[in-house]
């Protein structure tokens, strides 16, 4: 099933902003190598391949922001 079809109805009506690699590095202060490692470990939001040729990738801004918030909360709780 297509990813958009699985989203909650409220999410489908929400405009989704995508982040390219440069924006992602600026927001997270992580290298692309670190992000790739965290993705492979299942500890960071997965990239999305973009049309038309699906060779460019981006990350959903809301997912990255949620990850950042959770990371800060975990650190403050310890």
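Among the residues of this structure, residue 24 does not count as one that is surrounded by 13 or more Cβ atoms within 10 Å (Cβ to Cβ), at pLDDT 95 or above and in a loop (DSSP other than H, G, I, E, B).
On the stretch given as region 33-62, residues that are more than 11 Å from the chain's Cα centre (by Cα) and surrounded by 14 or more Cβ atoms within 10 Å (Cβ to Cβ) total 2. Scanning region 27-56 for residues that are in a loop (DSSP other than H, G, I, E, B) and modelled with pLDDT of 95 or more returns 29, 30, 31, 41, 42, 43, 44, 45, 46, 47.
The values are calculated or read from the model by the stated rules, or taken from the named source; none is laboratory data. Everything numeric in this text was worked out from a predicted model, so none of it was measured. All Cβ positions, glycine included, derive from the backbone under ideal geometry; neighbour counts span all protein chains shown.
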